[in-house]
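The values are calculated or read from the model by the stated rules, or taken from the named source; none is laboratory data. Since the model is a prediction, treat every value here as computed from it, not as a measurement. Virtual Cβ from ideal backbone geometry, glycine too; neighbours counted across all protein chains shown.
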Ligand code: KG4
Ligand code: ZN
């Protein structure tokens, strides 16, 4: 069966076709980053309106790419939450009305389950069970994944998510939205060892995280090194970016290794936007290799929001769940 996947929870419209036998057939994405950049963050109403404009043309584009028509779609998976209510409503209402006219089943997917399962779209996917690190703009969680729907929370952030810390640090350094890639690019120009930031919760003895103190420590550095006009020189910005990235990636890596140790598992899966961070990947690759464990990532374009992960999670869900009646609701707040 061919599943159409629709992601519209935030600022990307992601559409994909996933065949339960042949795998991913086509995917397309429209990012609204440029549209929101001048506001320094996502404007919910603009996001919803853009999803309205983009969704149907993108569905047509993936169908054309896969040389298929609407009649070939056997089911529709869409992000039901969590996310921006208006943005979710666009994807959800298009999915349910299309499914009603095509007379095919739907499944409302949890956005984080999409991220969590995204690494399984790659060649040589890990078998269950594994430990998953979910690091996005809204979440920083460690989970034990026993199978589809079998998720045990091992650790969580007590305050800011790692991606949020990247975004806030970017703002403090005067960088553009989204902050993660901008901080990471600047860090490449930094001098190692010039600054030393705290490693929050590194020795807390549990698998939880906390990143808000790090943001405050960055603010102190910025204030201490700005001139009388509040201007920070470019090298100092890069040195702060480097040390900030070191602190976050060191803590994330240490907690992943602790989670593998505590669960006795030897496979780690990393997903969500911060999973695209090169420093994080290098640290995790080294640490897992040392301990004879394996780490799996989605391809870079599937680290951030996309339709492929929703089509895939929906395809897995449809093997277990019965179809609804095409009535719908969104779940802007929703625990996995
Ligand atoms: O998963 P995602 O696309 O959206 C959700 O939050 O669900 O993640 C976006 C987050 C943003 O905070 C962004 O700054 C961060 O991921 N991010 C990165 C990188 N690319 C994206 N953070 C660090 N390094 C990156 N290369
Ligand atoms: Zn996401």
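Observations, loosely collected:
- Of note, residue 214 satisfies the criterion of being within 14 Å of ligand 1 (Cβ to nearest atom) and crowded, with 21+ Cβ neighbours inside 10 Å.
- Among residues of segment 201-224, those that are out of contact with any strand residue (DSSP E or B) (no Cβ under 7 Å at 6 or more places or on another chain) and in contact (Cβ under 8 Å) with a residue 12 or more places away in the chain, counted: 10
- Among the residues of segment 290-310, those identified as within 12 Å of residue 120 (Cβ to Cβ) and crowded, with 20+ Cβ neighbours inside 10 Å are 297, 298, 302, 308, 309.
- Qualifying residue in segment 90-113 (condition: farther than 19 Å from residue 318 by Cβ, buried (at least 18 other Cβ atoms within 10 Å of the Cβ), in contact with a helix residue (DSSP H, G or I) (Cβ under 8 Å, 6 or more places away or on another chain) and in contact (Cβ under 8 Å) with a residue 60 or more places away in the chain): yes
- Qualifying residue in segment 240-250 (condition: part of a helix (DSSP H, G or I) and in contact with a strand residue (DSSP E or B) (Cβ under 7 Å, 6 or more places away or on another chain)): no
- Residues that are within 14 Å of ligand 2 (Cβ to nearest atom) and touching a strand residue (DSSP E or B) at 6+ places or on another chain (Cβ under 6 Å), drawn from segment 134-165: 134, 140, 141, 161, 162
- Residue in segment 54-71 that is exposed (fewer than 14 other Cβ atoms within 10 Å of the Cβ) and either in contact with a strand residue (DSSP E or B) (Cβ under 8 Å, 6 or more places away or on another chain) or at pLDDT below 95 (or both) present: yes
- Under the condition of being near ligand 1 (Cβ under 10 Å from one of its atoms) and part of a helix (DSSP H, G or I), the residues counted in segment 251-280 number 7.
- Here residue 201 meets each of (1) within 27 Å of residue 133 (Cα to Cα); (2) over 23 Å from the mean Cα position of the chain (by Cα); (3) outside any helix (DSSP H, G or I) with one exception, condition (2).
- From the options 227, 266, 233, residue that is in contact with a strand residue (DSSP E or B) (Cβ under 8 Å, 6 or more places away or on another chain) and without any contact (Cβ under 8 Å) to a residue 40 or more places away in the chain: 266
Okay, residues lined up against (1) within 15 Å of ligand 2 (Cβ to nearest atom); (2) farther than 30 Å from residue 94 by Cβ; (3) at pLDDT below 95:
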position: 281; (1), (2), (3): no, yes, no
position: 288; (1), (2), (3): no, yes, no
position: 313; (1), (2), (3): yes, no, no
position: 333; (1), (2), (3): yes, no, yes
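- Residue tally, condition within 16 Å of ligand 2 (Cβ to nearest atom), touching a helix residue (DSSP H, G or I) at 6+ places or on another chain (Cβ under 6 Å) and either at pLDDT 95 or above or assigned to a helix (DSSP H, G or I) (or both), over segment 167-189: 3
- Some residue of segment 207-222 being in a strand (DSSP E or B), away from ligand 2 (no atom under 16 Å from the Cβ), within 18 Å of the chain's Cα centre (by Cα) and under 26 Å from residue 300 (Cα atoms): yes
- Among the residues of segment 64-84, the ones that are farther than 23 Å from residue 319 by Cβ and in contact with a helix residue (DSSP H, G or I) (Cβ under 8 Å, 6 or more places away or on another chain) come to 4 in all.
- Enumeration of residues in segment 87-113 that are within 16 Å of ligand 1 (Cβ to nearest atom) and either more than 30 Å from residue 265 (Cβ to Cβ) or in the same structural domain as residue 147 (by TED's automatic domain parsing) (or both): 87, 88, 91
- Hits in segment 131-166 (condition: surrounded by fewer than 24 Cβ atoms within 10 Å (Cβ to Cβ), away from ligand 1 (no atom under 16 Å from the Cβ) and either under 14 Å from the mean Cα position of the chain (by Cα) or outside any loop (DSSP other than H, G, I, E, B) (or both)): 144, 145, 146, 147, 150, 151, 152, 153, 154, 155
- Residue list for segment 286-310, filter: within 16 Å of ligand 1 (Cβ to nearest atom) and assigned to a loop (DSSP other than H, G, I, E, B): 297, 298, 299, 303, 304, 305, 306
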